[in-house]
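Let me begin by presenting the structure, written as structure tokens, before commenting on it.
The values are calculated or read from the model by the stated rules, or taken from the named source; none is laboratory data. Small disclaimer: the values here were computed from a predicted structure and weren't measured. Heads up, the Cβs are rebuilt from the backbone with ideal geometry, glycines too, and the neighbour counts pull from every protein chain shown. With ligands, DNA and RNA removed, areas are computed over all heavy atoms of the protein, side chains included. Shrake-Rupley method; radii C 1.70, N 1.55, O 1.52, S 1.80 Å.
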Amino acid sequence: MKLELSMVVQGCRLGVLTGLGRAGQHSLEVPGCLLYTRCGTVPHLTQDTLHTLNNLPSVTQLTLNTLAEHQEVLEEFKEGVRKFAGLHDTVLYCSLHDPATSCPPGHITNKTVSVWGSGGRIELTVAKFMALQKAVQPDLYQSMADGETWQINTSRKRVRKSVDRTLAHLDECLLLHHKTQELSGVEVLGVVEGGDVLEERVRSARETAKRPVGGFCLDGLHTAAMETHLRTQLITAIIKELPEDKPRLLQGVGRPDEVLACVEAGVDLFESFFPFQVTERGCALTFPFNITTDPEAAGTGVQVPPTVVELDKHEAAIGQKNGTDNPQEDQTKMTPFEINLKDNRYREDFSPLVEGCGCYCCRNHQRAYLHHLLVTNELLAGVLLMLHNTAHYYAFFTALRGALASDKLDHLKKRVLEGPGKGMSGEGAGERDG
């Protein structure tokens, strides 16, 4: 696995991660994201439905908390999750926790960490953790780590212990990794911890970079853990300690505004759990990101119509109330980047979720139909919303890479950050802007 950078723009790294997979035949553009799954399946979608979407990431994320309780079955099966779950032609990355699910704190010891499956808590030693990796047979995986330092008022002593434990776990994982024939050719990502303590973040990054790892996971910086400015400061300090030729994966951050800030700080990869969270709220992503100029309109003063339907002022107001400056933000609340289709205003709205979107949902259905499916609790609502939200989110990353390549990052940021509330004033619900 090798990161080949083509350019660095305002701190943002544009390039391709090559040599992915056991045979090294896959690649992934950066900045980019992984394909979020539970037990190897994207929530609400079958494999056939999922592959109606274009430009899917080449790396699929698995989580140990959904796989640990199936360890005996996987060991008996002997051929790994790829074949067990019917996954084809994809790179498998295995993380410790599900980024869309919170875990109860207080179950970490010097020798163990805990994950939470449908049957409750599962305690993992390094030996059990590595036995699981052997059964899962991923192409790359996150090493075992103590990441419970994101709560408010966590002491410096506890943060220091977290870093020490994580480094010790990494050393043990690497020792067992090299002794396990089934993991030959598999990459290990070292985990950078340190809570909100700058010195510990720097120490964790510096020491992890000394180990023979394929890349780095930045943990404990997720949306609910800290406000954006502090996160950016810590990431900037961490990045200075990491080699430029290895990827940096940020865990637990998915909002478009936060993604943009973290990409500018030097992050390469993200988890794509955000579309799932939006879908579970009965919402649809509608934030604008199109910065393509119509060549026929260029130089004529004619503004190209946006490809994304703007939020109305009521939805924008809801999103602004639910900003991320509060570290204890309720992750079930709406963001400024989505609309709530359960709202009665959409009962007779016969426009697609997003004008010009090429996903199956937008090509075939209207907001009013999605509203009907949601209020009647039809399972199809989750399928159609997940299709659209996934397509919209991945298109955002494509637009981000395009903006970097064409030196239009500032234009994209303005489009994304100002789009939801642009041109809106007054009280109450307003008409949708076309």
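The table for this structure:
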{"quantity": "Lys83 - accessible surface, heavy atoms, 1.4 Å probe, Å² rounded to 10", "calculated": "120"}
{"quantity": "Rounded accessible area of Ser58 (nearest 10 Å², 1.4 Å probe)", "calculated": "20"}
{"quantity": "Residue order for Ile235, Ile122 - accessible surface, 1.4 angstrom probe, largest first", "calculated": "Ile122, Ile235"}
{"quantity": "Student exercise, the chain dipole from Lys, Arg, Asp, Glu Cβ charges, in Debye to nearest 20", "calculated": "820"}
{"quantity": "Relative contact order, percent, the chain [alpha-carbon distance under 8 Å, six or more residues apart]", "calculated": "15"}
{"quantity": "Accessible area (Å², 1.4 Å probe, nearest 10) - Val354", "calculated": "10"}
{"quantity": "Charged-residue dipole, Cβ positions (Lys, Arg, Asp, Glu), region 1-134 about Cα centre, Debye nearest 20", "calculated": "300"}
{"quantity": "Cα-projected label distance for Asn110 with Asn377, points at 7 Å along beta-carbon direction, nm", "calculated": "5.1"}
{"quantity": "Loop-located trypsin sites (Lys or Arg not before Pro) in region 228-298, at most 16 other Cβ atoms within 10 Å (DSSP)", "calculated": "Lys240"}
{"quantity": "Mean Cα-pair separation over length for region 207-256, i.e. relative contact order, pairs under 8 Å, 6 or more apart, %", "calculated": "62"}
{"quantity": "Contour minus Cα-Cα distance for Cys39 and Asn344 (0.36 nm per residue)", "calculated": "106.3 nm"}
{"quantity": "Among Pro43, Leu234, Ala131 - extreme Cα towards positive end, dipole of the chain, charges at beta-carbon", "calculated": "Ala131"}
{"quantity": "Length added when fully stretched, Thr180-Asp89, from 0.36 nm per residue minus Cα-Cα", "calculated": "30.4 nm"}
{"quantity": "Heavy-atom surface of the chain, accessible at 1.4 Å and reported per residue (Å²)", "calculated": "43"}
{"quantity": "Among Leu409, Gly32, Leu353 the positive-end extreme of the charge dipole of the chain (Cβ point charges)", "calculated": "Gly32"}
{"quantity": "Net charge dipole size for region 109-229 [Lys, Arg +1 and Asp, Glu -1 on Cβ; Debye, nearest 20]", "calculated": "380"}
{"quantity": "Efficiency of FRET between Glu4 and Thr52 - r from beta-carbon atoms, R0 35 angstrom, step 0.05", "calculated": "0.70"}
{"quantity": "Mean separation of Cα contacts under 8 Å (6+ apart) over length of region 1-61, as relative contact order %", "calculated": "25"}
{"quantity": "Charge context of Gly106, other residues only, Cβ under 15 angstrom, K/R +1, D/E -1", "calculated": "+1"}
{"quantity": "Two-site label geometry, His229 and Thr398: point separation in nm, points 7 Å out along Cα→Cβ", "calculated": "3.7"}
{"quantity": "Carbon plus sulfur fraction of accessible area for region 54-144, probe 1.4 Å, in percent", "calculated": "50"}
{"quantity": "Inter-part distance where region 391-415 and region 18-46 are each reduced to a Cα centre, Å", "calculated": "20"}
{"quantity": "Helical segments meeting 30 Å axial Cα length and Kyte-Doolittle 0.5 threshold in the chain (DSSP H)", "calculated": "380-405"}
{"quantity": "Region 215-270-region 166-182 distance, computed between alpha-carbon centres (Å)", "calculated": "25"}
